[in-house]
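Asker: Before I ask anything, let me first share the structure, which is written out below as structure tokens.
The values are calculated or read from the model by the stated rules, or taken from the named source; none is laboratory data. Model, not experiment: these values are computed from the prediction. A quick note on method: Cβ atoms are made from the backbone with ideal geometry, for glycine too, and the neighbour counts reach across all protein chains shown. With ligands, DNA and RNA removed, areas are computed over all heavy atoms of the protein, side chains included. Shrake-Rupley method; radii C 1.70, N 1.55, O 1.52, S 1.80 Å.
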Amino acid sequence: MNSETLVNAVKEGLGTGPNYPSGVIEHYIGEVKAYLAAAGVPETVIESDEVTGIIVQGVDDLWNHGGLSEYFYQRVIQLAF
């Protein structure tokens, strides 16, 4: 999935609208992707369409709740295997 498509998916998931500045969203996406990589999720999976939902979830968790949710952690474990 390309970067612009992922940023737009996260904006939609957060409900920020398409005109919200992308820089902050890109930062959070980078944080979530780094976490996925550190947890052992293969790079091919991290860059695929199948992780869009968990990246949106991770960004939402960080954005709105200040930390990652139990659901996020469980999904990361699944993706790592």
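Asker: For residue 6, indicate whether it is assigned to a helix (DSSP H, G or I), aliphatic (A, V, I, L, M) and in contact with a helix residue (DSSP H, G or I) (Cβ under 9 Å, 6 or more places away or on another chain).
Answerer: Yes; evaluated as a whole, the condition is true for this residue.
Asker: Looking only at region 1-29, filter to residues that are open to solvent by less than 40 Å² (accessible area, probe 1.4 Å) and within 12 Å of the chain's Cα centre (by Cα); which one of those is nearest to residue 61 (Cα to Cα)?
Answerer: Top of the filtered list is 14.
Asker: Return the residues of region 50-65 that are open to solvent by 70 Å² or more (accessible area, probe 1.4 Å) and either farther than 20 Å from residue 3 by Cα or in contact with a Lys or Arg (Cβ under 8 Å, 6 or more places away or on another chain) (or both); say none if nothing qualifies.
Answerer: 64, 65 - these are the residues of region 50-65 that are open to solvent by 70 Å² or more (accessible area, probe 1.4 Å) and either farther than 20 Å from residue 3 by Cα or in contact with a Lys or Arg (Cβ under 8 Å, 6 or more places away or on another chain) (or both).
Asker: Output the number of residues of region 39-49 satisfying the condition of being open to solvent by 90 Å² or more (accessible area, probe 1.4 Å) and not hydroxyl-bearing (Ser, Thr, Tyr).
Answerer: 2
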